[in-house]
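The values are calculated or read from the model by the stated rules, or taken from the named source; none is laboratory data. Bear in mind that the values here come from a model prediction, so they are computed numbers and not experimental data. Cβ atoms come from the backbone with ideal geometry, glycine included; neighbour counts cover every protein chain shown. All accessible areas refer to the heavy atoms of the entire protein, side chains included, with ligands and DNA or RNA removed. Shrake-Rupley method; radii C 1.70, N 1.55, O 1.52, S 1.80 Å.
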Amino acid sequence: MTGQQAGHGFDHVGRVLRSARKIQAEVGGDRTIVELAALLHDVGDAKFHDGIEMSAALTRQILGELDVDEDTVDHVAQIVDNISFRKGSDAEPLSLEGQIVQDADRLDALGAIGIVRTIEYGAVFGQPFHVSGNNDAAQKTGLGHFDEKLFRLHALLNTEPARRMARQREAFMRTFVDQFLAEWEG
Ligand code: ADP
Ligand code: NI
């Protein structure tokens, strides 16, 4: 993941790993499964592989080269294959460990980090953060993405610790949006 831009570098993986460990410490589950799934959750994502979903295959390849038992490989592969937001209703149910990593990944889209990632995405894909008038819905913007996706994430979270962290991060984003719009209007 080292070379990935637009909010998916190894720094994202590190934050997801740390948040996942925190959640696991509160809700339980197998810590090793949580850690491996957090580390591997984006490695085979279709957006890094010309639209082809490689999550399970790359996870099996990478863990296959290490001394990892078969049940662990199967479990981690199932998690990374079913964790993505895009899979929606097609996804298989996630184990507790999968729910923890999914929550940790979603938390990284919120708060100060979430704001920066959205701005980085806009910079890479040539999308403005905001446009004048009531046009955030008509034209794709970073601020529009807050409403379309980011402010809806808390309702999708699986675990109570993640919901608690999300509330605090979302409040910070609301404060940012209020200040941003006040400054924009002048
Ligand atoms: P994930 O890999 O967790 O499924 P995405 O690839 O959809 O997440 O997005 C990663 C980050 O990129 C998001 O947290 C968000 O900040 C930013 N992002 C994604 N899509 C958009 C968009 N359409 N507009 C602005 N920012 C976006
Ligand atoms: Ni991710």
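Observations on the structure shown:
- Placing a label point 7 Å from the Cα of PHE172 along the Cα-to-Cβ direction, the residues of the stretch 113-130 whose backbone N falls under 19 Å of that point are 113-121.
- Separation in nanometres of the label points that stand 7 Å from Cα toward Cβ, at ARG15 and ALA123: 1.4 nm
- Sequence-ordered 3J(HN,Hα) estimates for the stretch 113-124 from the Karplus curve with 6.51, -1.76 and 1.60 and θ = phi - 60° stand at 4, x, 4, 4, 4, 5, 5, 4, 4, x, 5, 6 Hz, glycine and proline given as x.
- Once the C-beta distance of ASP74 and TRP184 is scaled by a Förster radius of 35 Å, the resulting FRET efficiency is 0.10 to the nearest 0.05.
- Among ILE119, ILE79, ILE100, the residue with the largest mean-square fluctuation in a Gaussian network model of the chain, with springs joining Cα atoms closer than 10 Å, is ILE119.
- Probe 1.4 Å, protein heavy atoms only - accessible area per residue of the chain in square angstrom: 54 Å²
- The residue among GLY9, LEU181, HIS130 whose Cα reaches farthest toward the positive pole of the charge dipole of the chain, with charges on the beta-carbon of Lys, Arg, Asp and Glu, is LEU181.
- Extension gain for the segment VAL116 to VAL131, taken as residue separation times 0.36 nm less the Cα-Cα distance, is 3.6 nm to one decimal.
- Length released on extending from THR2 to ALA46, taking residue separation times 0.36 nm less the Cα-Cα span: 14.2 nm
- Overall, the accessible surface of the stretch 1-143 at a probe of 1.4 angstrom is composed of carbon and sulfur to the extent of 52 percent.
- Descending principal axes extents, the stretch 1-135, alpha-carbon based, whole Å: 55, 35, 30
- For the stretch 37-79, the relative contact order is 36 percent, taking Cα pairs closer than 8 Å that sit 6 or more residues apart in sequence and dividing their mean separation by the residue count.
- Estimated FRET transfer efficiency when R0 is 22 angstrom, pair ASP30-ALA91 (beta carbons, to 0.05): 0.60
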